[in-house]
Each structure stands twice: as C-alpha cells, then as structure tokens.
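Quick notes on the structure that follows.
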Protein chains: 2
Amino acid sequence: MKLRGFRHRCSRLLALVTGIALAAHAFAQIDPLASWNDGAAKQGIVAFVKAVTSKGSKSFVPPAERIATFDNDGTLWAEQPMYFQLIFALERVKALAPGHPEWKDKEPFASLLKGDVKGALAGGERAMLEIVMATHAGMTTGQFEKIVRDWIATAKHPKTGRRYNQMIYQPMVELLRYLRANGFKTYIVSGGGIEFMRPWVGRAYGIPPEQVIGSTIKTKFEMRDGKPVITRLPEVDFIDDKEGKPVAINKFIGRRPILAFGNSDGDLQMLQWTAAGSGARFMGIVHHTDAEREWAYDSKSPVGRLDKALDEALARGWTVVDMKRDWKQIYPK
Amino acid sequence: MKLRGFRHRCSRLLALVTGIALAAHAFAQIDPLASWNDGAAKQGIVAFVKAVTSKGSKSFVPPAERIATFDNDGTLWAEQPMYFQLIFALERVKALAPGHPEWKDKEPFASLLKGDVKGALAGGERAMLEIVMATHAGMTTGQFEKIVRDWIATAKHPKTGRRYNQMIYQPMVELLRYLRANGFKTYIVSGGGIEFMRPWVGRAYGIPPEQVIGSTIKTKFEMRDGKPVITRLPEVDFIDDKEGKPVAINKFIGRRPILAFGNSDGDLQMLQWTAAGSGARFMGIVHHTDAEREWAYDSKSPVGRLDKALDEALARGWTVVDMKRDWKQIYPK
C-alpha cells in the first residue's frame, strides 16, 4: 500500500513535469513542413493529420491503422530524363562490358556501348528487360546490395551534377517525417526494384527496408560452400505498377492506406484503393510544373505520364501539389 | 536563455522522477516467461536477449535490426491431426456444397462429402489444391476475411473441443511479448495462407497484419460497380515453405532475422539463413514430445515432420525446446 501511494504520487508529479516540459518545447517548435508554401496543399495535409490524430475527433484513426504509401519515382525523387534505375542499368552495362565481349555484336548492348541509348531502347520492352536482367541478376542479394550502394554513393546526374540521392524532394522528406511524428507508418510502393531502393532509402527518407514495396525478380535460396546465399534470377517475379500496386499493398501490408501519394497514371489504382476505404482519406498527386527548378511534364511524357490520374484527381477533389507554386525548395540544400 | 535554463532543469527533474518510478515498478515485476520451466531453453533465450539488448555488450544489436521470425503451424499453435487451415478448407467444402451439386460426383469433393477425408486426400497434392482453390478463391479479399473471422470464432477442434485460436502455445505467446518488450519486431513466416492468418493473429499473438508472411494465391485488382475490389484467383502465387522461407523473408523484410523459431524440416532453411548472419544469433526448434498434453511426433510424422532440422539443431547447438519438459503450460487458460 505504501509503495502504491508512492508510485501514485510519482506518476502525478511526472505528469505535471512532463506537461511543463512539453509546453516549454512548444515555444521552440518550428514548422515541420517548412519547405512547403502556405497554400491549399499544405493546409489540406495539416488538416487531415489533425483530424485523424485528434482523440475524440470523429475521423480519429488508431496509430496502428495510420498507413501511408508513397510512390518513389517522380513522387519522392526525380525521374527525368529517364528513371534513375534505368540510368543505373545503362551504366552497369558499360561497367560489365569488359567481361562480355559478345555484347559488341548483340543488341541492345551494341548500341548502348557505342553511346546510342535511344537506339538501344528502340527495341522496346524486350530490350529494356534484357538490359535489366543482364545488370540486376546473376549475383547474390548481398553482392547486388553492394553494387547499388557503390553506385548511389558516386554516380551523378547528367543535368544537375547532383548525386541521385540528393535529387530527393525536400518537401516530401519533411512530409514523411511529419507523418511519422504523428504516428503514421510510411511505406514506399514503387514500380522500381525493391532491392534497388532498400540500400539507400533508409538514409534518404527514413524508411526501413521492411517498409519498401517494389517490383521484384525471382530469387533462389541455395548452399554455396556450405553457406546459404540468395541468388537473383533473370526472371520477372512481380511488376509493382498500376493494378499491381493495390495488389502488393494488400499482400505486403494487409491493411488499406489512409493516405497515398503518387505522381503518374501508374499510381491511379493505389489512389483509388486508398480512396475507397471508409473514414477520412488523403490522396495526393505531385504535379511536375517547374521547368526551371526541376522538370515540367504530365500527359504527354513517356516517363511518369500523368493523364487519367490527373483527371480523376480534379474530378474527385484529391490534392494536386503544384510543384512550382507549392514547394519553396525542391532538393535538400 | 531563460527558457533554455528552465527546460534543462525540467528535464533533469523529469529524469530523476522517471528513474524513481521505474525502480518502484521493478519491485512489482513478474517473470515474463512464467509458463516456461527453468531449464536450458529458457535460460538460453534470456541470455540471448540480454546480450543483444545490453548497451556496450559486444553482441549489442540496434532495435531496428532485432528481427525475429516464427513459423506458425506447430510452432505458435498446434497442427494435429492435420494443419488447421486444411480443417478449415474441409469444413468450407461442406458449407459450400449446397451451391455445388456437381461435387456429389466429383473427387475429391465426393469422398469428402461422404465423410471420407482419407479418401478425399488420397489424390495427393492435386486433390489438396482443388480443395484449397474451391474454398479460398473466387471471392474478394474482404469476403474471405469475414469467412475466416467467422470460422475462427466458432469452429472447434475435434479432440480438444477448444476453439483453434485457443490452441496457441502460451509459452510462445509469452516469448513473443518478451521479445517485443525488448525492442524486437516479431514476424510470422508460415507455410499457411497469409490471408488465413491475418484476421486472427493480431489478437492471438499481438502480431499486426504487416508482420505476417505466408503462402499466397494470386489476386487481381478490379472495378466492380465503380468500386475497386481485390479478388482471389484460383492460382498459386507463392509457397512459403522450405527454401521459400528465406526467399520470402528477404522479399518482405529485407533484413536477416537474428532469432528464428520453427518446429519442422520446413523451417530448416529459415534457421540456416538466420544462423549464417554475423553477430549473436538464436535458432530455436519446438520439439513435440508431449503425447499427454499435446502430441508427440517428429521424424515419422506426415504433418510437421522434424527430421533433418533436428539433426542439424543438435549438431550445431541450436536450442531444442522439449515441450514436455520445458513448458509448464501448453495452451492459454
């Protein structure tokens, strides 16, 4: 009884002190979305987060159900003049060429090695697949991870001269952090390769490997010199794009997101799936409108085409982020 | 400056008060593994957890990397006289029979509907697959979830008379909770269906849907009356067993577990994959030795065969839990 009384007094004192400390902290608080201009997009995000996190609010969502899913290419980092993973693959072909003398006479490699990217990609999906498999398969998962880590640490974008992980969007990094500070679990749901993203997204976005969903090639468990390895096979397992996104969300997470962000028609089904749940929902689209600081493109772009999803966003009142108008800053300083 | 000084004093006071409160709490602490008898298995678990969570210990593992994976059938809940998901499927055939008059003359359904389970399963893998697809596919994910929820809430085991979610192992539930209290993220990695487990494992084990990995059938996103649904197709997507387990762990989690628990040869590769990482590791096997309180079986059992994995466990010094000797209690009270 004595101990209980003591603990009770302790916890009242604790509550009091914590209250004072929190109030003092509020004085010093800075805007968690500092790179966003004050406009409808920012206000919409803040209002949504307040609604789902305020106890007693009729839109309240328990923390465990605060699932937020984000496309990566064009939503969290840039994707022009082509997907960065494709640039990685093209550069890998060059790096691997000395071990593949037969590539000199074999398309799409021959064109590529002569510097003719357009010619190499003229073979369409089949050419692309050959390039991807030649550069993404045939090694263990550990070896591939190291290849990606080395590339992301050194390769530079031809136009900006920045490293690719410095072409992430600062306002989106702030949004991810803001959501997590409000009890959300933030996921990437990308058409990009799951093992191409995992080595660097932790540092770039604060997203751990188990919250990265993406396209996959098949892998195989086997013993090598008595040690188990997982090897990457030249065979597509799953393409995490369009209808694939809600399918993968259902498989990996097993809960429906309450917030989803994309930038292209490849994200439409994820946004529709998110919107169709009950209760408060937030659907966002990054619209690339800033030819000066980034790129301006939508319905006519071969990369990140935004056409149907933009129509649906406007018709249904989803939030369309106008990059030029809504973002104070594009990349991290 | 003034505010800063005040906050500093506050946080010192806060630390002091918290320290006292925690010390008081320790008085009242009970054994987190109360259903385990004191023996090598329990001591091994506690020693491992202390080693990886003690700051400054050379075996320290940061919380984000404390991944623990558990098989389900025979490791977290019982699996005799046959996998409970198979019992579910057989009972669903009976429930669905009125809508399928053709089943009366079609194997394996005909035998099954006459009560001849052995005859129905005589058709081997093909018969099993037909039963699974007839009962697990052809509906939306939401509909299937409801079917599983209803079944788990009402169906009873033929021998124990218990509901299936009351045939979970109390010592393992305590272990899961103990690990989470020590910063571990606990996962299920089961040969069972991912969507068969998700509806009830949260309540049974405290494991959220996004930490459930299992076998899957293909699914499809489609619009129905303008509303998106995900439907379940009668086609195997992935079998999460044997070599499939490390492959799925790599795909879903992207980190190697530091602790893994199984009970059969289907878990061997998961245990090998876990063991092959660097630093402190814990590999555990539940050995079914208790014919009185549960079942006793290993190398000769058609369900949950434990043969090669037991040899390897003994040879490599993995922890073998002897159910009869190590567990005070089997099921929850």
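All of the numbers you see were taken from the coordinates with simple rules; none came from a lab. Everything numeric in this text was worked out from a predicted model, so none of it was measured. We place every Cβ from the backbone using ideal geometry, glycine too, and count neighbours over all the protein chains shown.
Some notes on this structure:
- Residues of segment B:273-322 classified as basic (Lys, Arg), closer than 25 Å to B:Gln85 by Cβ and crowded, with 16+ Cβ neighbours inside 10 Å, total: 1
- Restricting B:Arg232, B:Arg224, B:Arg255 to residues that are within 13 Å of B:Thr69 (Cβ to Cβ) and either among the charged types (D, E, K, R) or surrounded by fewer than 23 Cβ atoms within 10 Å (Cβ to Cβ) (or both) narrows the list to B:Arg255.
- Residue within segment A:240-249 that is crowded, with 19+ Cβ neighbours inside 10 Å, among the basic types (Lys, Arg) and either within 10 Å of chain B (Cβ to nearest Cβ) or not in a strand (DSSP E or B) (or both) present: yes
- Considering (1) farther than 24 Å from B:Phe196 by Cα; (2) at the interface with chain A (Cβ under 9 Å from one of its Cβ atoms), the lone condition that B:Ile230 does not fulfil carries the number (1).
- Where helices (runs of 4 or more DSSP H) fall wholly inside segment A:98-207, the ranges with 2 or more residues that are more than 22 Å from the chain's Cα centre (by Cα) and buried (at least 16 other Cβ atoms within 10 Å of the Cβ) are A:109-113, A:117-121, A:124-136.
- Residues within segment A:100-155 that are in contact with a Ser or Thr (Cβ under 7 Å, 6 or more places away or on another chain) and more than 24 Å from A:Phe238 (Cβ to Cβ), tallied: 2
- Those residues of segment A:132-158 which are among the charged types (D, E, K, R) and touching a Lys or Arg at 6+ places or on another chain (Cβ under 8 Å), in sequence order: A:Glu145, A:Lys156
- For segment B:302-323, filtering for residues that are closer than 21 Å to B:Ser190 by Cβ and in contact (Cβ under 8 Å) with a residue 12 or more places away in the chain leaves 15.
- Total residues in segment A:51-91, condition within 27 Å of A:Ile168 (Cα to Cα), within 14 Å of chain B (Cβ to nearest Cβ) and part of a loop (DSSP other than H, G, I, E, B): 1
- Among residues of segment A:44-65 being of a type in the set (Gly, Ala, Ser), out of contact with any strand residue (DSSP E or B) (no Cβ under 9 Å at 6 or more places or on another chain) and touching a residue at least 12 places away in the same chain (Cβ under 8 Å), the one that is surrounded by the most Cβ atoms within 10 Å (Cβ to Cβ) is A:Ala51.
- Residues in segment A:214-227 that are in a strand (DSSP E or B) and more than 9 Å from every other protein chain (Cβ to nearest Cβ): A:Gly214, A:Ser215, A:Ile217, A:Arg224.
- Any hit, segment B:261-284, residues being in contact (Cβ under 8 Å) with a residue 40 or more places away in the chain, in contact with a Phe, Trp or Tyr (Cβ under 7 Å, 6 or more places away or on another chain) and among the charged types (D, E, K, R): no
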